[in-house]
1. Take GLY278 and decide whether it is outside the structural domain of ASN14 (by the TED database), surrounded by fewer than 21 Cβ atoms within 10 Å (Cβ to Cβ) and over 17 Å from the mean Cα position of the chain (by Cα).
2. Could you list, in sequence order, all residues of the stretch 119-170 that are open to solvent by less than 10 Å² (accessible area, probe 1.4 Å) and part of a loop (DSSP other than H, G, I, E, B)?
3. If you go through the stretch 258-271 one residue at a time, do you hit one that is open to solvent by less than 10 Å² (accessible area, probe 1.4 Å), in contact with a Phe, Trp or Tyr (Cβ under 6 Å, 6 or more places away or on another chain) and not assigned by the TED database to the domain that holds GLY173?
4. Answer yes if at least one residue in the stretch 80-88 is assigned to a helix (DSSP H, G or I), of a type in the set (D, E, K, R) and open to solvent by 20 Å² or more (accessible area, probe 1.4 Å), and no otherwise.
5. Within the stretch 36-60, take every residue that is farther than 27 Å from ILE198 by Cα and either of a type in the set (Lys, Arg) or at pLDDT 90 or above (or both) and give me the one that is most open to solvent (accessible area, probe 1.4 Å).
6. Scanning for something in a helix (DSSP H, G or I) and surrounded by fewer than 23 Cβ atoms within 10 Å (Cβ to Cβ), does the stretch 173-182 turn up at least one residue?
7. Looking at PHE272, PHE320 in this structure, which one is at pLDDT below 95 and over 21 Å from the mean Cα position of the chain (by Cα)?
8. Using the structure shown, decide if LEU250 is within 30 Å of GLY165 (Cβ to Cβ), surrounded by fewer than 20 Cβ atoms within 10 Å (Cβ to Cβ) and either of a type outside the set (Phe, Trp, Tyr) or at pLDDT 95 or above (or both).
Amino acid sequence: MNTVRIGSYQLENNVIVAPMAGITDRPFRQLCRRLGAGLAVSEMLSSNPSVWKTEKSMNRMDHSGESGIRAVQIAGADPELMAQAAQFNVSNGAQIIDINMGCPAKKVNKKLAGSALLQFPDLVEEIIDAVVSAVDVPVTLKIRTGWDQDNRNGVEIARIAERYGIASLAVHGRTRACMYKGEAEYATIRDIKRSVSIPVVANGDITSPEKAKQVLDYTGADAIMIGRAAQGRPWIFREIDHYLRTGEHLPVPPIAEVRGILMEHLVNLHAFYGEPMGARIARKHVSWYLQTHDSDGQFRRVFNALDNPQAQIETLEQYFKTLAAN
């Protein structure tokens, strides 16, 4: 299959890392790219300039030394502020700006940002127009299928997006009301793909190479986006890419490779965030990596009590030695 083009950028493959708040920081994006993702979108940044200088935002904006195309997601409800946020991030090195109209979180929605915007097509139009006009890099959009089951207006929003110059559209197969419950539905994504000519990226519940192929075949989408399924399993990108290209499965990574990937991720988190933040953020990632190995959660309870990077590294090394010996 042909790889996706976003503006002037040709992706290496059709498997994209979804932006996830608190997860797709620079260490995670770099790891996913190394393990086969064609593009990794950074976690959402507020369009409110008063928070841009906070440590949290500065970390989110940090793309220093990053390989691949730098795609930055912005969120907000004010067209002018969104345009300024886009310009600010482009001046900071962003090569693609992604507009968030998909996040279902209450604290984002109560400010009318994220997927709350799907209720207001006129405002969607104004925001897209303002952002696309403000920057000379491609602008992409992430949406859900609609506001709730009775208001699946994804096709209408997609047509607005195309009309106002959006370069690529990612669609999560749930409404805002669904949050992350139930199963994703792909019929709306298929309808969207049939109604616009810009690239469409399918997202939601894609957890295996077979599911990726099924979703692409059913929707006709140009690419897929993986979010939660990559937590603790960043090699899912190479597995899916390989399967889509060859129809064959890659072998499950041996425990020695899992250890290597996890240790690399851990050390990079420690270096990126420093103490004590790096150790704290590492806990959730380690927990995801070890879900299958540490089924009773016993080791994770021990690990989560550690707040010293060196102690975390030593404890994990010991854990993997024990695993290898069994």
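1. Numbers: outside the structural domain of ASN14 (by the TED database): yes; surrounded by fewer than 21 Cβ atoms within 10 Å (Cβ to Cβ): yes; over 17 Å from the mean Cα position of the chain (by Cα): yes.
Yes.
2. THR145, GLY146, ILE166
3. For the stretch 258-271, residues open to solvent by less than 10 Å² (accessible area, probe 1.4 Å), in contact with a Phe, Trp or Tyr (Cβ under 6 Å, 6 or more places away or on another chain) and not assigned by the TED database to the domain that holds GLY173: present.
4. Residues of the stretch 80-88 that are assigned to a helix (DSSP H, G or I), as a first pass: 80-88.
From what is left, the residues that are of a type in the set (D, E, K, R) are 80.
From the residues that got through so far, the ones that are open to solvent by 20 Å² or more (accessible area, probe 1.4 Å) too are 80.
Checking the stretch 80-88: at least one residue is assigned to a helix (DSSP H, G or I), of a type in the set (D, E, K, R) and open to solvent by 20 Å² or more (accessible area, probe 1.4 Å).
5. The first filter runs over the stretch 36-60 and keeps only residues farther than 27 Å from ILE198 by Cα, leaving 48-60.
Filter once more, keeping what is either of a type in the set (Lys, Arg) or at pLDDT 90 or above (or both): 53, 56, 60.
On the way: LYS53: 152, LYS56: 124, ARG60: 35 Å².
Top of the filtered list is LYS53.
6. Pass one, the stretch 173-182, residues in a helix (DSSP H, G or I): none.
Looking through the stretch 173-182, none of the residues is in a helix (DSSP H, G or I) and surrounded by fewer than 23 Cβ atoms within 10 Å (Cβ to Cβ).
7. On the way: PHE272 fails: over 21 Å from the mean Cα position of the chain (by Cα).
Selected residue: PHE320, the only one of PHE272, PHE320 that is at pLDDT below 95 and over 21 Å from the mean Cα position of the chain (by Cα).
8. Working: within 30 Å of GLY165 (Cβ to Cβ): no; surrounded by fewer than 20 Cβ atoms within 10 Å (Cβ to Cβ): yes; either of a type outside the set (Phe, Trp, Tyr) or at pLDDT 95 or above (or both): yes.
No, not satisfied.
The values are calculated or read from the model by the stated rules, or taken from the named source; none is laboratory data. Because the structure is predicted, anything quoted here is derived from the model rather than measured. Backbone-built Cβ (ideal geometry, glycine too); neighbour counts: all protein chains shown. Areas reflect the complete protein model, heavy atoms only, side chains present, ligands, DNA and RNA absent. Shrake-Rupley method; radii C 1.70, N 1.55, O 1.52, S 1.80 Å.
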